[in-house]
Amino acid sequence: MNLRQLEILRAVIRHHTTVAAAEELALSQPAISNALKAMEAQAGFTLFERVNNRLFPTPEAMTLYEESEAIFTLHARLENRVRDLREQKTGHLSIVATPPLAYSIIPPTLSGFLRRRPQTRMFFDVRRYEGIIEGVLGNVAELGFALGLSDHPGIAHEVVHTGEMVCVMPARHPLADHDVISARDLAGFPLIGLERGTRLGEAVRESFRQADADFQPTVEVRYCNTACVLASTGVGLAVVDPFSPRQSGPDLVVRPFTPCTTVSAYVLWSEARPLSNLAKTFRNEVRNASRSLAGCVDAIGAPSLAASAERG
């Protein structure tokens, strides 16, 4: 006896007529009657007794009804699970990100994502670049987010935002009234440098070489958000990615920096396994959220290079 036959049996038991059962199951009355005859032939015993044009289940039929309850309960749960997966109401998603993205674009995106999916569970970790690669390749995280990218076998990637490095300083710094800060402008001022050998650290050093400007940092740090914290307290000026200053308060002034130093934010995932629908949706939401960062420098109080050029 298959699942459809059991479904018909249960409907007839509930309604006591083939007409009502047919209406519930969107079948014809003859189809219900023929199904009952086929079931009785297969079972080898009577399933219903007719009394005053109503069908009453035999004890054997009631046994089948009761024993099949667990099957239909499980089936209903499975259908609900399919619906939840389709609508992305439940599930588990693991992500890792480097600090500039973990403390800027990811939190508001994550907040909205989970607010619309209260039953979804997340794993979120902040790691260095090397940890992002290891996490994605090691199946610790389905998605990774990082600034800059080298080619890694087995890693698929997509650019979610491209911006330019900016200069940060305390609000009362002598250069705070400049629309744009050049590498040469920083001569003679204490400088907070990014660690040598890191992607952003080398990018900043290259921009100073292009400008034929000295790069002699007073303090070196690994992370841009650390540089922003130190800059806001007067330790020195720093050239950082466009994401990290968004974590700082009003004591930090942000200005465009020349020569222009491009930095891209990437989302990474493993080529060895397909992304879940939940991961694809989160990737799309991060991509959409990153569009609001196109005017990142403007949003935190500094004119863009293009605007400055127009005024010039």
Given a Förster distance of 22 Å, the FRET efficiency implied by the Cβ-Cβ spacing of residue 211 and residue 130, rounded to the nearest 0.05, works out to 0.15
With +1 on the Cβ of every Lys and Arg and -1 on the Cβ of every Asp and Glu, the dipole magnitude of region 3-87 about its Cα centre, in debye rounded to the nearest 20, is 160
Once the dipole of region 43-167 is set up from charges on Cβ (+1 Lys and Arg, -1 Asp and Glu), the residue from the list 155, 95, 73 lying farthest towards its positive end is 73
Candidate cut points under trypsin sites (Lys or Arg not before Pro) in region 164-215, DSSP loop plus at most 16 other Cβ atoms within 10 Å of their own Cβ, are 172, 196
If every Lys and Arg gets +1 and every Asp and Glu gets -1 at its Cβ, then about the Cα centre the chain yields a dipole, in debye to the nearest 20, of 540
Rounded to 0.05, the calculated FRET efficiency for the beta carbons of residue 139 and residue 70 at R₀ = 45 Å is 0.85
With +1 at each Lys and Arg Cβ and -1 at each Asp and Glu Cβ, the charge dipole magnitude of region 163-263 around its Cα centre, to the nearest 20 debye, comes out at 160
When 133, 95, 106 are ranked with the fewest other C-beta atoms within 10 Å first, the list becomes 133, 106, 95
Contour minus Cα-Cα span, residue 262 to residue 46, at 0.36 nm per residue, comes to 69.8 nm
Taking Cα atoms only, Rg over Rh for region 3-87 with Rh from the Kirkwood formula is 1.03
Spelling it out for residue 198: with amide H atoms placed in the peptide plane at 1.01 Å from N, the residues 5 or more places away or on another chain with amide H under 5 Å from its amide H are none
Residues meeting the amide H criterion for residue 238 (H placed from the backbone, H to H distance under 5 Å, 5 or more places apart or on another chain) are 168, 192
Each label sits 7 Å from Cα toward the beta-carbon; between residue 116 and residue 162 the label points are separated, in nm, by 2.7
Footprinting proxy, 158, 24: sorted fewest to most Cβ within 10 Å, the residues are 158, 24
Listed by chain and number, the residues whose amide H is under 5 Å from that of residue 124, excluding neighbours fewer than 5 places away on the same chain and using placed H, are 95
So, relative contact order of the chain in percent, Cα under 8 Å, 6 or more apart, is 20
FRET efficiency for residue 195 and residue 123 from the Cβ-Cβ distance with R0 = 35 Å, rounded to 0.05, comes out at 0.80
Inter-part gap, Cα centre of region 147-183 to Cα centre of region 2-45, in whole angstrom, is 69
Applied in sequence order to region 146-160, the curve 6.51 cos²θ - 1.76 cosθ + 1.60 (Karplus, θ = phi - 60°) yields integer Hz couplings, x standing for Gly and Pro, of 8, 8, x, 7, 9, 5, 10, x, x, 10, 9, 8, 8, 6, 9
Among chymotrypsin sites (Phe, Trp or Tyr not before Pro) in region 1-86, those in a DSSP loop whose Cβ has at most 16 other Cβ atoms within 10 Å are 45
Here region 47-63 yields Karplus 3J(HN,Hα) values (6.51, -1.76, 1.60; θ = phi - 60°; whole Hz; Gly and Pro given as x) of 9, 9, 10, 8, 9, 6, 6, 10, 9, 10, x, 6, x, 5, 5, 5, 4
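We did not get these values from a lab; they are worked out from the coordinates using the rules stated. Computed from a predicted structure; not experimentally measured. We place every Cβ from the backbone using ideal geometry, glycine too, and count neighbours over all the protein chains shown.
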